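Enquirer: My questions all concern the structure below.
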Amino acid sequence: MEIGLLCGTFNPIHKGHWLIASYAQEQFGLDKVLFITSPNPPHRDDELLDPKARFEMVEAALLGSNQFEASDIELLREGPSYTIDTVEELEKNYSSDTRFNLILGEDNLLQLDSWHRAKDIAKKCRILVAPRAAQAPHSVHTPQEHLVELSAEAKEMQAKLPGLVVEPINFAGIHLSSTQVRENIKLGLPVETFLPEAVALIVTQRGYYK
């Protein structure tokens, strides 16, 4: 079984998250992608919406999907949230032949060697990396066409972490981030095109990020 792991603060979840997961799922034949909401990541110090509120938006965004699932596994665990702890906890819930595929943006990949127990992550997970938008292909390709090349920096990371397997996602690429969404909300600009409909409704009704 192939399980994808898309971990993030989802502050808020937006259509870019969905697209990356969709491209990865199709290209690599993932049986399921878990959207794992992070409570307070050790490498992040910006102001976050309450974890339960962010998880609720993830649940709303994925409602009705058979391939995507919202996971609160990190919200239920006390103390700092480390990816390796999540992977090892998930290993207990899946068969021994399950492979975990950690879905990352390229910028996060370039920091992977600084993560807690990075070498263990390299042993337990295949890394599926979404390239920077400037490097992404400009048209949709079939799952068999691996047309995206890893950057030199990404290849160097493979040398730093023995056994690390990195595969590029043929993601079309969009210039969209949660930071951009929050800024638009503060400025009173429309965000419906950036957010899943259910998430846009929650954000509007509850006045999040204003």
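Enquirer: Go through (1) over 30 Å from VAL203 (Cα atoms); (2) touching a Pro at 6+ places or on another chain (Cβ under 9 Å); (3) at pLDDT 80 or above and name the single condition ALA154 misses.
Expert: (3)
Enquirer: Now a separate question. What helices (runs of 4 or more DSSP H) lie completely within region 150-210 and have 3 or more residues being farther than 19 Å from ARG54 by Cα? Break it down stepwise before answering.
Expert: Values: elements: 152-160, 178-186, 197-206.
Filter on region 150-210 gives 152-160.
Enquirer: Oh, and also: Specify the residue that is surrounded by the fewest Cβ atoms within 10 Å (Cβ to Cβ); the eligible residues are those in region 1-43 that are part of a loop (DSSP other than H, G, I, E, B) and of a type in the set (Ser, Thr, Tyr).
Expert: Step one: list which residues in region 1-43 are part of a loop (DSSP other than H, G, I, E, B), which gives 1, 9-14, 29-31, 38-43.
Right, trim to of a type in the set (Ser, Thr, Tyr) and you get 9, 38.
Working: THR9: 18, SER38: 23.
If we take residues in region 1-43 being part of a loop (DSSP other than H, G, I, E, B) and of a type in the set (Ser, Thr, Tyr), then THR9 is surrounded by the fewest Cβ atoms within 10 Å (Cβ to Cβ).
Enquirer: Mind checking which residues of region 183-199 are under 16 Å from ALA61 (Cβ atoms) and surrounded by 14 or more Cβ atoms within 10 Å (Cβ to Cβ)? Talk me through it step by step, then tell me what you get.
Expert: Within region 183-199, the subset under 16 Å from ALA61 (Cβ atoms) is 191-199.
Within region 183-199, VAL191, PHE194, LEU195, PRO196, ALA198, VAL199 meet the criteria.
Enquirer: Every residue in region 113-149 that is modelled with pLDDT of 95 or more, surrounded by 17 or more Cβ atoms within 10 Å (Cβ to Cβ) and assigned to a loop (DSSP other than H, G, I, E, B), please.
Expert: Result: TRP115, single match.
Enquirer: Given the structure, is THR83 among the β-branched types (Val, Ile, Thr), modelled with pLDDT of 95 or more and more than 16 Å from the chain's Cα centre (by Cα)? Give the steps one after another, and end with the answer.
Expert: On the way: among the β-branched types (Val, Ile, Thr): yes; modelled with pLDDT of 95 or more: yes; more than 16 Å from the chain's Cα centre (by Cα): no.
Judged against the criteria, THR83 is not a match.
Enquirer: Considering every residue within region 110-119, establish whether at least one is of a type outside the set (A, V, I, L, M, F, W, C) and within 16 Å of VAL165 (Cβ to Cβ).
Expert: Within region 110-119, one or more residues are of a type outside the set (A, V, I, L, M, F, W, C) and within 16 Å of VAL165 (Cβ to Cβ).
Enquirer: Just checking, does region 74-84 include any residue being touching a strand residue (DSSP E or B) at 6+ places or on another chain (Cβ under 8 Å), crowded, with 16+ Cβ neighbours inside 10 Å, among the β-branched types (Val, Ile, Thr) and in contact (Cβ under 8 Å) with a residue 60 or more places away in the chain?
Expert: There is at least one residue in region 74-84 that is touching a strand residue (DSSP E or B) at 6+ places or on another chain (Cβ under 8 Å), crowded, with 16+ Cβ neighbours inside 10 Å, among the β-branched types (Val, Ile, Thr) and in contact (Cβ under 8 Å) with a residue 60 or more places away in the chain.
The values are calculated or read from the model by the stated rules, or taken from the named source; none is laboratory data. Since this is a predicted model, take the numbers as computed values, not measurements. Methodologically, a virtual Cβ is constructed for each residue, glycine included, from the backbone with ideal geometry; neighbour enumeration extends over all protein chains shown.
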